[in-house]
Amino acid sequence: MNIIIAGNGKVGASLARQLSAEGHNLTIIDADPKVLESSIEKYDVMTVNGNCASMAVLKEAGAEDAELLIAVTDADEVNLLCCMTAHGINKNLHTIARIRNPEYIDQIYEMREYFAISLVVNPDRQAAREIERLLRMPGFLKREPFAKGRVEIVELKIEEDSKLCNRPLSELNSILNCRVLVCSVLRDGKAIAPGGGFVLKEGDRIFVTAPTNDLALLLKNLGVITRKVNRAIICGGGRISYYLAQQLQRSGIGLTIVEQDYDRCVQLAGMLPNVSIVHGDASSESLLESERIDDCDALVTLAGIDEMNMIISIYGNSRGVPQVITKIGHLENNSILGSLPLGSVISPKELCCNAIVHYVRAMQNQTGAALSVHTIADGQVEAVEFVVDKNTLHCGEPLKDIKMKKDALIACIIHGSKTEIPGGNSRFNVGDSIIVVSGGGKVINQINEIFE
């Protein structure tokens, strides 16, 4: 597919890496020639240097023949104008715009046809939603929802005192007293597709498929002691903090936002009258002590600098804060991050890219397209949800008789309102949904690609 990416920042570069690997013809537009040179060296892409909202630049980038434009510059207004101009050049062009300013959200949805936008992505709002989900059920490092929230793939870390430490996966269901499936294990930075004889070790990060209704039971049977979040400290007063505070206020959680910029504090106080806004440096030990960090239930670090977030999170962990959530913009050093006590790691860039890649694949495969796409295990594994249709192979056959491709696994089957963690005798039929987990760098675009 011919795709134009307008803006070669963190999200643009990540999309270039992923979409070029999937074989799409990419043209990247950016005003900075040095950034474009870097992309040419790393990926198989064409580049155009210039203003991506300019008609002349868009024509030079091939907007007349392109099928999709993704506008992910740092400026919302430029992304909007870019989509409108490109659609004026090519009426059949699909457009995706990253819009982050809260003031634009409502009008964008009401005026989508005027702005000629096919999809709006807001990584800050997505990140806030993900954090709120984690705070609702402390104990998991990550939660990836499928089947309209009825099934999830959750991430857990095996600690020394865990009931699962030094136990084979074949004993998992008897230990947990509920049926779940470990679809991937991250050990020493490498994703492993485990079999029944695989023995879990301290420090392993496991990715477990389970019905959402069983998650509380899963934590209880693991002996993971969790308590409801009644009070949280948020470090950093950016857009994610605003969206998150909006959501958490409705849950009755007491919130304190620490922000270094005085003018932003005044602005937040006006927008969030029921939230305690503190002007100060969130990395200051004395400030955190004065805000009673030892008594809070959750610490969320959302400053604009990754290193600051990491330092504050490590400090919060050392003070025994029950739940720590860390925002990271750059996830390139996953093996280093995995060895640090950062709690749950959230990447707005990753969430944004997942949404866009899902749209691209849906465009590419109008029938049999994925319902949702998530990356797990530090991006080394994909979990994709498909609907079984009349063209799907092996309908009605037991899974034990179906030859699957290496590193592909059916992690869950959804029969209408019922969810099933599959065994050898499980079957899928037309109308069912299945969750497929695949590793080894393979991209699964169609359900039939998982079969030998």
Evaluate segment 17-27: report whether one residue or more is out of contact with any Cys (no Cβ under 9 Å at 6 or more places or on another chain) and over 21 Å from residue 445 (Cα atoms).
yes
Would you mind finding the one in 346, 402, 447 that is modelled with pLDDT of 90 or more and buried (at least 22 other Cβ atoms within 10 Å of the Cβ)?
346
Residues that are farther than 18 Å from residue 322 by Cβ and of a type in the set (A, V, I, L, M, F, W, C): find the strands (runs of 3 or more DSSP E) completely inside segment 125-216 holding 3 or more of those.
181-187, 205-211
I'd like to check something: does segment 97-110 contain any residue that is surrounded by 15 or more Cβ atoms within 10 Å (Cβ to Cβ), hydrophobic (A, V, I, L, M, F, W, C), in the same structural domain as residue 33 (by TED's automatic domain parsing) and not in a helix (DSSP H, G or I)?
yes
With the checklist (1) farther than 19 Å from residue 13 by Cβ; (2) touching a residue at least 60 places away in the same chain (Cβ under 8 Å); (3) among the charged types (D, E, K, R) in hand, flag the one item residue 349 doesn't pass.
(1)
The listed residue being closer than 26 Å to residue 194 by Cβ and outside the structural domain of residue 443 (by TED's automatic domain parsing), out of 351, 399, 340:
340
Of residues in segment 279-319 being surrounded by 18 or more Cβ atoms within 10 Å (Cβ to Cβ) and β-branched (Val, Ile, Thr), the one farthest from residue 349 (Cα to Cα):
293
From the residues in segment 179-190 that are farther than 19 Å from residue 146 by Cβ and out of contact with any Lys or Arg (no Cβ under 9 Å at 6 or more places or on another chain), which one is surrounded by the most Cβ atoms within 10 Å (Cβ to Cβ)?
189
The lone exception for residue 331 - which of (1) part of a helix (DSSP H, G or I); (2) at pLDDT below 95; (3) surrounded by 14 or more Cβ atoms within 10 Å (Cβ to Cβ); (4) of a type outside the set (S, T, N, Q) it fails
(1)
Residue set 132, 159; condition surrounded by 15 or more Cβ atoms within 10 Å (Cβ to Cβ), of a type in the set (Asp, Glu) and within 26 Å of the chain's Cα centre (by Cα); output residue 132
Hey, any hits in segment 217-237 for a residue that's surrounded by 19 or more Cβ atoms within 10 Å (Cβ to Cβ), assigned to a helix (DSSP H, G or I), in contact with a Leu (Cβ under 8 Å, 6 or more places away or on another chain) and not aliphatic (A, V, I, L, M)?
no
Would it be correct to say that residue 357 is in a helix (DSSP H, G or I), touching a residue at least 60 places away in the same chain (Cβ under 8 Å) and among the aliphatic types (A, V, I, L, M)?
yes
Exclusive hit being buried (at least 22 other Cβ atoms within 10 Å of the Cβ), touching a Gly at 6+ places or on another chain (Cβ under 8 Å) and on the phi < 0 side of the Ramachandran plot, set 204, 124
124
Which fully enclosed strands (runs of 3 or more DSSP E) of segment 2-72 have 1 or more residues being surrounded by fewer than 23 Cβ atoms within 10 Å (Cβ to Cβ)?
2-6, 25-30, 46-49
Looking at segment 394-407, is at least one residue part of a strand (DSSP E or B), under 20 Å from residue 210 (Cα atoms) and of a type outside the set (Val, Ile, Thr)?
no
When (1) in a loop (DSSP other than H, G, I, E, B); (2) without any contact (Cβ under 8 Å) to a residue 40 or more places away in the chain; (3) buried (at least 19 other Cβ atoms within 10 Å of the Cβ) are applied to residue 273, the one that fails is (3)
What are the pairs with Cβ atoms under 8 angstrom where one residue, in segment 205-231, is in contact (Cβ under 8 Å) with a residue 24 or more places away in the chain and over 22 Å from residue 150 (Cα atoms) and the other, located anywhere, is among the aliphatic types (A, V, I, L, M) and assigned to a helix (DSSP H, G or I)? Sequence gap at least six, or different chains.
229/135
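The values are calculated or read from the model by the stated rules, or taken from the named source; none is laboratory data. Note that the coordinates shown come from a computational prediction; the quantities given were computed from them, not determined experimentally. Here the Cβ is made from the backbone with ideal geometry for all residues, glycine too, and neighbour counts use every protein chain on show.
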